[in-house]
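See below for the structure under consideration.
The values are calculated or read from the model by the stated rules, or taken from the named source; none is laboratory data. Keep in mind it's a predicted model, so treat the numbers as computed, not measured. Cβ placement follows ideal geometry from the backbone for every residue including glycine, while neighbour counts extend to all protein chains displayed. SASA here: full protein model, heavy atoms, side chains in, ligands and nucleic acids out. Shrake-Rupley method; radii C 1.70, N 1.55, O 1.52, S 1.80 Å.
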Amino acid sequence: MNKKTYNTPLPCHQLTDQIIAAFYRVLGTIGRRRGIPEGAFRDRLAAVLRAEGLWVETKKIIPMREKGQNLTNLRVDLVVEELVVVELKNVEHLTQKHLDKGTLYLDYGGYPAGLILNYGGEDPLPKRIAVPARYHKEPKPCPGS
């Protein structure tokens, strides 16, 4: 982890904290069973966030473009308030590949913050996605930052 993140609030920290709290509430109702499909968990989390008055997009397509050409489309589980990418996982352990893919979402989508929420392991600790060193699409500023 970067030393900077120990003392500096991460981008959109109030919104990401709200999303994390909703994640734990959903865990409290659905539980941490490995067999629950990510789509079912995604839809429940989206419903909880919408009930809190947040704008939530599900299965958001992010074009991955280089030099004016579309290489592929990335699909992220949730985008909250057009600012925070949320990727849900139902795996025993997160890998660097999961984290790197999250950074790609921020990079090409122009989002200032992101979370990976894994409900499949023994300890469902949310991971904040690392902000890319450079962006292909300039990120929106977080309110209050």
If a residue has to be without any contact (Cβ under 8 Å) to a residue 12 or more places away in the chain and under 14 Å from the mean Cα position of the chain (by Cα) to count, how many in segment 99-145 make the cut?
2
Looking at the structure I just gave you, is residue 117 closer than 20 Å to residue 44 by Cα and buried (at least 16 other Cβ atoms within 10 Å of the Cβ)?
yes
Do we find a residue being open to solvent by 40 Å² or more (accessible area, probe 1.4 Å), closer than 20 Å to residue 134 by Cα, touching a Lys or Arg at 6+ places or on another chain (Cβ under 8 Å) and at pLDDT 85 or above anywhere in segment 73-95?
yes
